[in-house]
Ligand SMILES: CC(C)(COP(=O)(O)OP(=O)(O)OC[C@H]1O[C@@H](n2cnc3c(N)ncnc32)[C@H](O)[C@@H]1OP(=O)(O)O)[C@@H](O)C(=O)NCCC(=O)NCCS
């Protein structure tokens, strides 16, 4: 692979693997100083992000003008699909073609891998990015919600259910099949790279049943993946969430990229979840059969 990519300005595109994690963190944060939703990262969090989401630094790009970093974009790579993430250009450099050059560079990298299906998410109302993605052939797939629940004194009734804890291997086994094409962050690969994954399997008196897999971080529950195997999804969601929060009353909860038309959502709202913001999921190309049937 060439160590340098040509673009239509004085900008050179260099593989991100030629920079330290500290340098990548710094340029990423500088491109986001004026971002709609502040999301600064530190080096440890960026390293964890790279690991969890299969970001390949050799195929990710930094835009350089002389010795100055001007922008960054990262590529996640999994079987038959790639993901574009962490795209940003310094505010002072915008509207000079750097964002587009970075995007085209990542799409070239994906094509070199023989992958023609590209995924990304963009925060709703981020017009510059949304327009850029449309220009490059991405189309909207749906809306995704980012939800939070503080460890409040929100009162709720514990649903009557037979609840069984799922060990990591059982949770990973359940999330591994039959869930269609999920947003990148919620694909089974993301959780399989994460620490402290476990789950709950619930059966209600009327025979409804379902499961929830999650990651328990020090202060936060996150990365929920769930399924209703039988019964009403909203009832099932309320049941597994009431058991989860009963078990961890002091933890904050943050979950990303829940489909806006997910029938489990009423159960989340009843348990005190609130919408933080929305993203639009966009794809380029069509999901290959291997993903649709997954
Ligand atoms: C989105 C972003 C990367 C675009 O970078 P950029 O270098 O300014 O973009 P370019 O100059 O290459 O523009 C390419 C295309 O993007 C779109 N675009 C860029 N800025 C735009 C704006 N302010 N309004 C509308 N469209 C815009 C246009 O389609 C443009 O093509 P055109 O020049 O033919 O009109 C940049 O605005 C940015 O870093 N924003 C903050 C971080 C961010 O939003 N990242 C994306 C997260 S999903």
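The values are calculated or read from the model by the stated rules, or taken from the named source; none is laboratory data. Remember, predicted model here, so these are calculated numbers, not experimental data. Virtual Cβ from ideal backbone geometry, glycine too; neighbours counted across all protein chains shown.
Which of the residues belonging to the range 29-42 are buried (at least 17 other Cβ atoms within 10 Å of the Cβ), within 12 Å of the ligand (Cβ to nearest atom) and in a loop (DSSP other than H, G, I, E, B)?
32, the sole residue that qualifies.
Please verify whether the range 12-25 includes one or more residues that are more than 19 Å from the chain's Cα centre (by Cα) and closer than 19 Å to residue 121 by Cβ.
For the range 12-25, residues more than 19 Å from the chain's Cα centre (by Cα) and closer than 19 Å to residue 121 by Cβ: absent.
Of the numbered conditions (1) surrounded by 16 or more Cβ atoms within 10 Å (Cβ to Cβ); (2) in a loop (DSSP other than H, G, I, E, B); (3) under 21 Å from the mean Cα position of the chain (by Cα), residue 272 fails exactly one; give the number of that condition.
Going through (1) surrounded by 16 or more Cβ atoms within 10 Å (Cβ to Cβ); (2) in a loop (DSSP other than H, G, I, E, B); (3) under 21 Å from the mean Cα position of the chain (by Cα) one by one, residue 272 breaks only (3).
Tell me, please, whether a residue that is surrounded by 20 or more Cβ atoms within 10 Å (Cβ to Cβ) and assigned to a helix (DSSP H, G or I) can be found in the range 201-211.
No, the range 201-211 has no match at all.
Grab the strands (runs of 3 or more DSSP E) fully contained in the range 43-138, keeping just those with 2 or more residues being over 20 Å from the mean Cα position of the chain (by Cα) and more than 9 Å from the ligand (Cβ to nearest atom).
61-65, 68-78
Could you list, in sequence order, the residues of the range 275-294 that are over 19 Å from residue 177 (Cα atoms), crowded, with 18+ Cβ neighbours inside 10 Å and over 16 Å from the mean Cα position of the chain (by Cα)?
284, the sole residue that qualifies.
Tell me, please, whether a residue that is modelled with pLDDT of 95 or more, within 16 Å of the ligand (Cβ to nearest atom) and closer than 24 Å to residue 54 by Cα can be found in the range 161-172.
The answer is no; no qualifying residue exists.
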